[in-house]
Structures are given as C-alpha cells and as structure tokens.
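Q: Sharing a structure here in structure tokens format.
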Amino acid sequence: MSRETRLGWIDASDEVPVARQCALALVARATVYAQRSPRAASEADLLLCRLIDEEYTRRPFYGSRRMVVYLRSQGEVVNRKRVQRLMRQLGLWGMAPGPNTSVRHPQHKIYPYLLRGVEVTRPNQVWSTDLTYIRLARGFAYLVAVIDWYSRKVLSWRISNSMDAGFCVDCLEDALSQYGKPEIFNSDQGSQFTSDAFTRVLKGAGVAISMDGRGRALDNIFVERLWRNVKHEDVYLKGYATMGELTIGLAQYFAYYNGERPHQTLGYQTPAAVYLSGCGGGARIVDRFSGALADLPAPLRCAGESASAEPGQRRSAACGIDAA
C-alpha cells in the first residue's frame, strides 16, 4: 500500500492522537507536520548540541565522560548527566564496548550479524542504514539513509523532527521500490530498525536481516563515513535554518555525492557510475573475531597483507577503508 494512501488515513480531528495514527499507518510524523517548525530548544542546549555533534563527528569513540572533558575545555560548564541527556536526544553514544551503549526496545527481536568474513562483490548484495542528528539554527532534525555497500551510493534518504520508526520505514520502502532488493540488509540495534514495522518490510521482500553487535559501530562503517562527509562538506558549511532549507540542501548534496563527487576507494569514480556498471567497487570484511587473518580465504586479504595484520577492519576493494 502506497505512502500517499496511508497518509490519507491521518485525521487531525480524530480523538486518537496524531502520533498514534502515524504509528499505526507507518508514516512519519514529520510528513504530517510538514508545515510545523521543530520544537524549540534553549539557546544553551542548542550550543552544546552543536559542539557535541562536531566533536562526535571527529571522534565517534567519545562517550559522555570524554565529551564532558571536551566541553569544559571549550569553556562550557556542564555535568555528565546533562551531556548524557543531550547525547541520548541526538542518538549518539561512544563506539567503545560497554554496558548500555545502545538503546534498543526490550521487546524487539535482535538479528545476528551476517557480514563477518563476507566479500562484497556486486551492487545490491549488501545495503545498510543508520540515523544521524542534523543541527538547525533553532533546533535539530534526524536524517536516515540507505546505502549500497558495493558502490557507496545513497539509494534513499529522509529527514524527520522525531526519531519514530515511520520515516525510516518510508525511506526503506522508497529504496526497495526504486532499486529492487538487496541480498542482505544491515543496521544497528536501534529501536527504529528492530521495530516490527521495519523488519516486516524486509521479511516481506525476502531480504536477509543483519544487525551490528553492541558496541561495534564499525560494523556499519560505510554509513558512518557518509555522515562525516555530509556534515563536513555540507551541513556545517551552510548552517541550515529550517526543515525546508535542509530538505532542499540535502537533495542537492546527495545528487552531487552520487553523481559528481569522485571517491578515492572507487578509483575516483562516482557511486552512481559504479552502481550502474557493477565495476570498481566492493569491500572486504575481515572477521575480527576469528583471531587471525590466516583463518580467512586468501581473496579476503589485501595484497601484501599478512596474517598478523590488525583484524576487524572493513576494507575496500582497493585495500583502503577511507570511503572518501
């Protein structure tokens, strides 16, 4: 059933809250509330969110303790409780393993990670998704995207002023309708991606579901690199003020990213060209839990790489992990 049909079910005058209607209809509240501005936040919190966002983009291994130290070095008087609250609000947590490093729904099923030791050799073999925080002049938004691992092409994206599952489902459905289906779809264990609404779409399409282990953000490294590029090459430079400006700006950036921006690990081809041709992309995914590269088939090692090399890294077909 199309998104337009489901949007038609929403009735603001109904006694059922609009948020509940959106959840039942599997549509993003941001779509319904398109004319509304994001909820205002205090100037102090907005400043801290911007500082946290910039530092986390540079150093995604920072948890709340290190972030407190960083903020104090910038002259901000904060305690850890406040930083924890803001990082939760932004959907951020440090990469390092530890207790309660990710927020997941206790009743949602968690699927195993399927990409250990896998060599990505063709488009639509592996897709993945993730959420990130995007700052605005007077608030913030959330961005979700679906990316093809072989070509690094952004297949679909959506923004929302809330972290409900609806806009993530909408993004996934758009990617499936435009590009067919992948063999494996990977995500983290966030409640949006473990929700029945999201996984039901994947299971209905016959896609194998893979989820990162807790505290293992590098399992989704290509989307993490995408977020770094989006923020440093577009969001931080332009300073979007409204959701409307952000939508237009991101549409322009992703068109550039897919069709014009050369990527080093793609032999300076564009993601769109590699996706279309099926040549020049790929990734070698080393099993970090095997204890040694010697346990892997030879094609999964980079040329000249010995069995004593550092395990656990995602490597491009050109033996470099840098997605730029």
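Q: How many residues are in a helix (DSSP H, G or I), in contact (Cβ under 8 Å) with a residue 40 or more places away in the chain and out of contact with any strand residue (DSSP E or B) (no Cβ under 7 Å at 6 or more places or on another chain) when one looks only at region 251-268?
A: Residues flagged as in a helix (DSSP H, G or I), in contact (Cβ under 8 Å) with a residue 40 or more places away in the chain and out of contact with any strand residue (DSSP E or B) (no Cβ under 7 Å at 6 or more places or on another chain) within region 251-268 amount to 2.
Q: Taking only region 226-242 into account, find how many residues are crowded, with 16+ Cβ neighbours inside 10 Å and not in a helix (DSSP H, G or I).
A: Number of matching residues: 1.
Q: Right, something else. Taking into account only those residues within region 52-81 that are within 15 Å of Y133 (Cα to Cα) and buried (at least 19 other Cβ atoms within 10 Å of the Cβ), which is modelled with the highest pLDDT?
A: Checked region 52-81; the qualifying residue modelled with the highest pLDDT is I52.
Q: Can you say whether A251 is closer than 30 Å to T194 by Cβ, surrounded by fewer than 21 Cβ atoms within 10 Å (Cβ to Cβ) and modelled with pLDDT of 90 or more, as far as the supplied structure shows? Reasoning before the result, please.
A: Working: closer than 30 Å to T194 by Cβ: yes; surrounded by fewer than 21 Cβ atoms within 10 Å (Cβ to Cβ): yes; modelled with pLDDT of 90 or more: yes.
Yes, satisfied.
Q: Now for a separate question. Kindly provide the set of residues from region 191-221 that are at pLDDT below 90, in a loop (DSSP other than H, G, I, E, B) and out of contact with any helix residue (DSSP H, G or I) (no Cβ under 9 Å at 6 or more places or on another chain), ordered by number.
A: The answer is R214, G215, R216.
Q: Here is a follow-up. Inspect region 152-169 for any residue being buried (at least 21 other Cβ atoms within 10 Å of the Cβ), part of a loop (DSSP other than H, G, I, E, B) and modelled with pLDDT of 90 or more and give the result as yes or no.
A: yes
The values are calculated or read from the model by the stated rules, or taken from the named source; none is laboratory data. None of these values were measured; they are calculated from a predicted model. Because the Cβ atoms are built from the backbone with ideal geometry, glycine has one as well, and the counts that use them run over all protein chains shown.
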